[in-house]
Structures are given as C-alpha cells and as structure tokens.
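Structure first, then comments.
The values are calculated or read from the model by the stated rules, or taken from the named source; none is laboratory data. Keep in mind that what you see is a predicted model, and the values were worked out from it rather than measured. Positions of Cβ are backbone-derived with ideal geometry, glycine not excepted, and every protein chain shown enters the neighbour counts.
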Amino acid sequence: MPLSSGLKGQRVLVTAASQGIGFAAAQAFLEEGARVVVNGSNPARLDTAVQTLRPLGEVHGVVADLARHDELDRLVGETTTALGGVDTLVYVTGSPAPGTFMEQDFDTWQAAAALLTVSPAYLAKKVAELMLASQTKGRMVFSASSAIREPIPNIATSNVCRIAIAGLVRTLARELGPNGIRVNGVLPGLIATDRLAHVFGDAAKRRGVTPEQARDFAVREIPLGRIGSPEELARVFVFLGSEMSSFVSGALLPVDGGALHSVG
C-alpha cells in the first residue's frame, strides 16, 4: 500500500506561522491537502503569510499572543469557527533574546516561562478538550529545541524553559493515548531562520569574530556539514501530525543533522 499522510481535508492549527518554521509547517500541511489556521501576533505579517499561502488551499489567519491565556482561548474559538474543530495541533513559538543565565532578570524568566512552558500546556489543554468532546483521534506536535538534550551556550532561557515540552509530551501521550490522541515533540537543531541569524550575531560579539565565522564554528559540529532548512523541518511536522506516524506517541525527535552527542 502506498504511504499516505491522510491529511486531505484534515483540520490543522499551526501557531507562530507568519514566518520561519511555523510558516514552512503550514505550507507543508496545505500541500498535503489539509485545511489550516495559521496564527501570529503581528497582524500585517500574518496577513502577508495568509495571502502567500492561499493559492495552496484553505487557510485562515488568527492574530493572537501566545503568552496570554485569553488570546489562547480566542485562538481556539476562532479556529473552531473556521474549521469546525482541530485534528492536528502544531505548536511552534518564537524564542526569547539570547543571553547567559546570569544576564537574565526576574521579568525575563517570567516572560520566557509564560511563552515556552505555560502557553503550550494551556493550549494543549484547550485543544484536548475539543478533541475529547468530539471523540477526535487527533495529533499534537510540539516544537522545542535540541537544547533540551544538550544546553547551547548563550540561550539560557530556552535551555531551561523548553525542557518543559519533554514533560508535556510524555505526560499527554500517556493521558490522552487511551482516547486515540497522539502527542509528540520535535527537537530542531540549527535551522536557517532570522532567529538563528540573531543567535550567530550575538555569538560573534561575545567571541570577537564575524557572524560568518560564528556560523562556520557551529556548522563544524554538525555531521551533515550544513544548517537545515525550515522546509526540511516541516516534513517532520507533517510526519508526526499525520497518519504516517500512526503508532508513534510520546517521542521527541531530533532534527539536527546528527549534531547531538547524547544517546538518550
């Protein structure tokens, strides 16, 4: 039997999808025939993304700040209105500014925790309630970072707060599995986005080198010898967010070109 994603007509919510990784994920699901709601916090940028994606299929935009619970409630409500429910949740979010642990203050930690820890857990609960009420055997895919396995220098808030995704994925996989809902996580390594350029710029200043040199230093640690593309990462979201991964749940899949050294 030919391998099929089974996504045609499926209802997919992708957060932080006005650019970068989220945009690539939304595009990949649309190319598989899914109906998609894309979320972003910047109205103009989100509108541009929707207009770009529209030729690929049915797509709706919902402006919402992922760090605010009232806006998460509205995001789920407007998604339900647009699509009639959710079959797949793809949670992507931006990252706090680079910095070492000792450079962070209370407000920075609180903001990072709201975005990287509280937000995915609360949104997962709201989407799970929808799926359970409609007896939908859905999928959730959460983007974290390879940093939760091996902390990366100068992104302390991400190193600490994104680890919560691992606990969320494993907890939900066990609690929701009996209802046919699968939950998995993706651990991106170095992916070519504006965020990565910012990280290289910060690393360059700290080391007294150029951003290009900082990039070259990082690439040397990747066995495949290059940085990944958002499109390559998006294929993994499609795999975990579709029936191609029908017996995969509770997994945390690195997408890093082999850069992680750890076994576990």
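With respect to V248, determine if the residue is in contact with a Pro (Cβ under 9 Å, 6 or more places away or on another chain) and under 20 Å from F29 (Cα atoms).
no
Just for helices (runs of 4 or more DSSP H) wholly inside the range 168-264: which have at least 3 residues that are more than 22 Å from T15 (Cβ to Cβ) and either modelled with pLDDT under 95 or of a type in the set (V, I, T) (or both)?
Where helices (runs of 4 or more DSSP H) fall fully within the range 168-264 and carry at least 3 residues being more than 22 Å from T15 (Cβ to Cβ) and either modelled with pLDDT under 95 or of a type in the set (V, I, T) (or both), they are 194-207, 211-219.
Restricting to the range 78-89, what's the tally of residues that are over 20 Å from D47 (Cβ atoms) and either surrounded by fewer than 19 Cβ atoms within 10 Å (Cβ to Cβ) or touching a helix residue (DSSP H, G or I) at 6+ places or on another chain (Cβ under 7 Å) (or both)?
Total meeting the criteria: 5.
What residue, of A192, A234, is under 12 Å from I21 (Cα atoms), free of Cβ contacts under 8 Å to residues at least 60 places away in the same chain and under 15 Å from the mean Cα position of the chain (by Cα)?
After applying the criteria, what remains is A192.
So A82 clears everything in (1) out of contact with any His (no Cβ under 9 Å at 6 or more places or on another chain); (2) in a helix (DSSP H, G or I) except one condition, right? Which one?
(1)
Please pick out the residue among L3, L30 that is closer than 22 Å to A234 by Cα and outside the structural domain of A111 (by TED's automatic domain parsing).
On inspection, the qualifying residue turns out to be L3.
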